[in-house]
1. Quickly rank 264-276, 49-61 as a protection proxy: mean count of other C-beta atoms within 10 Å, highest first.
2. Would you grab the residues whose amide H sits under 5 Å from the one on V102? Only those 5+ places off in sequence or on another chain, please, with H modelled 1.01 Å from N.
3. How would you rank F244, F131, going from fewest to most other Cβ atoms within 10 Å of each one's own Cβ?
Amino acid sequence: MTLARPSLVAALTALLALAGCQTTDMQMGSQGAKTVATGSAAGAASANTSSALERCPSPLGTVSLIENQQAGWYTILRNEYRLPPTANLLRLLIQQSNCFVVVERGAAGMNAMTRERELMQSGEMRQGSNFGRGQMVASDYGLSPEIVFNNSDAGGAGAALGGLVGRGRYSNVLGQLGASLQTKEASTLLTLIDNRSGVQVAASEGSASKTDFGGFISLAGGSGAGGLGGYTNTAQGKVIAAAFMDAFNQMVVSLRNYKAQTVQGQGLGGGGRLGVDGGAAPSQTSAPAESNGKGRRRK
């Protein structure tokens, strides 16, 4: 037993020393810093895309992102986790998938397009700049993201690890390490709306979780944080990104088998099939009563 303890200490010291050396080197494109949304997209082409992302052979239409910045989840995303809008993440995933063509409807982008048109109208632009009317592409669909739940839970790992060695010398150390293990979880929703009719076309849920071993570094004074990569300080944002990719993948799978919903009888918006007070749904063919011009209807 006396031989095992120095060996454990020596191994941990060597690991931390190696990790400390690695933090001095800039690692551009570091895998430990990436989320599941990786690589790039340009038109229908993409590079270094995650193999887990679902793809479409051709776009299903144009889509704009509708992000409710007044919602409680968005406030937490921005103020507590200091993360950028989810629309930035979804733009990349959508274009890489080739399932939709993304059109700009965000406040900053719309302001930029308006500014260029105002400059054109002022006469300050060169001839041939071609910022005239009729060039903006319509948004066929609107995609609305939502984070419905996320959690960081230390759980009972500390007691479990401490119990492995009973009341020995390392019981307290392992107990502290285990207590700092955190399983980060996130659950997300995506809703796809047809902008012309207002009909919900698709909806999906996604989830992801990951365990953060940050306690190991805190016990060691933090010197090995860079070397152990994402396992030392797993950002909540990485879990949220994975949850959104999961939701998007599930939506794409459903859209591949899409069949429009139909309502028998009067069709969509014609009153429905659930009559009230024994009455039938209103008829689409009944003509309105003629007005007598004094706010009353002629009988």
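1. Output ranking for 264-276, 49-61: 49-61, 264-276.
2. V63
3. Result, fewest neighbours first: F131, F244.
Readers should treat all values here as calculations from the given coordinates under stated rules, not as data from a laboratory. Small disclaimer: the values here were computed from a predicted structure and weren't measured. Every residue, glycine as well, gets a Cβ built from its backbone with ideal geometry; the counts of neighbours run over all protein chains shown.
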